[in-house]
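The values are calculated or read from the model by the stated rules, or taken from the named source; none is laboratory data. Fair warning: this is a prediction, and the values are worked out from it, not measured in the lab. Please note: Cβ atoms are built from the backbone with ideal geometry, for glycine as well, and neighbour counts cover all protein chains shown.
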Amino acid sequence: TNEHNSQCKLYSVNSCAMKEWWIHVTLVCVPLLAVYLHIPPPQLSPALQKWHSVGEVFQFRGREIFYRDSHGALGSSDVVILLHGFPTSSHDWNKIWEPLTQRFNRVVALDFLGFGFSDKPRPHKYSIFEQASVVEALVAHLGLSHQRVNLVSHDYGDTVALELLYRSDHNRTGHLTLNSLCLSNGGLFPETNHPRLLQTLLKDSSFLAPVLTRLTNFRIFQKGIGDVFGPYTQPTYAEFWDMWTSLRYNDGNLVVDSILQYINQRLQHRERWVGALTSTFVPLHMIYGPLDPVNPHPQFIRRYQQLVQRSTVTVLDEHISHYPQLEDPTGFLSAYFNFIHSF
């Protein structure tokens, strides 16, 4: 019995120690978690601050939309509008901005609703249709409604461009007058598009999404974005940080799951958007980084050439991946200027 008693005492001491240990862990973890889930967004780097300071905002249905509008080449009346991808912002165009201002009279880029420096309402039903209306509203705001515009788009922006193309070709009220459209590395065809695992979890899991959006930190983000850049064209640490900062601005990380519904919208409205692409007479070009894991080579580009026979195509070097305008700005510009001068 003595042995039994001493075992009981040992057990109760151990269980007390365990309890205390758990209390300590809880006391440390709960405040840490609370702080973590409400971490203030990072400060803007000088590069982002500069981008922000030269931009402006306009009101769209009571929301602020950030845009940049540079007046460039004097001898030209040409306008180019740049539509960025997911989950980044208009800052994606920073490496080709200056050369574009030397060729075009106006270079315009915006942050879509829910992205970059624009408002990020929540809860909100984000849709490609609304983003197309944002672009039309910006064009009207800038007094360019009757001007022929050239669109350059990337990723998510490609799908917005297809909705704008559909509206233009069907003469919808408020539509843009398109002079040309240049797409790049967008998931135009659901059948050749491979969203990343985290994207799939966020768009389809109403239970997990709110937890995942709060728990995604810089490291996870950096890994996710790094995976869609080529091995020799990785962003610098500062560039990763700028992408993360613009995502976190206005708590943008908390609307990612709502924005990702665009992947389901692509499937739902495939006929409308792919139909616009295959039937239009607007000059089309595709600039493609072939190492893209989201739209893999050669399936994606084969499908594109098979369906969009009027379009010309530039396939960049084999080590260029999903962000061609950042990974190979020179190659991107060269392909784009060749296209613009070809019609």
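Assorted remarks:
- Residues in the stretch 115-135 that are under 13 Å from residue 157 (Cα atoms) and not hydroxyl-bearing (Ser, Thr, Tyr) were compared, and the one that is nearest to the chain's Cα centre (by Cα) is 115.
- Residues in the stretch 79-102 that are surrounded by fewer than 19 Cβ atoms within 10 Å (Cβ to Cβ) and more than 21 Å from the chain's Cα centre (by Cα) were compared, and the one that is farthest from residue 160 (Cα to Cα) is 102.
- Some residue of the stretch 128-150 being out of contact with any Phe, Trp or Tyr (no Cβ under 8 Å at 6 or more places or on another chain), closer than 27 Å to residue 315 by Cβ and not charged (D, E, K, R): yes
- Listed by position, the helices (runs of 4 or more DSSP H) contained in the stretch 207-283 that have at least 1 residues being crowded, with 17+ Cβ neighbours inside 10 Å and charged (D, E, K, R) are 237-248, 256-259, 262-268.
- Residue in the stretch 144-166 that is over 21 Å from residue 262 (Cα atoms), of a type in the set (Val, Ile, Thr), at pLDDT below 95 and in the same structural domain as residue 93 (by the TED database) present: no
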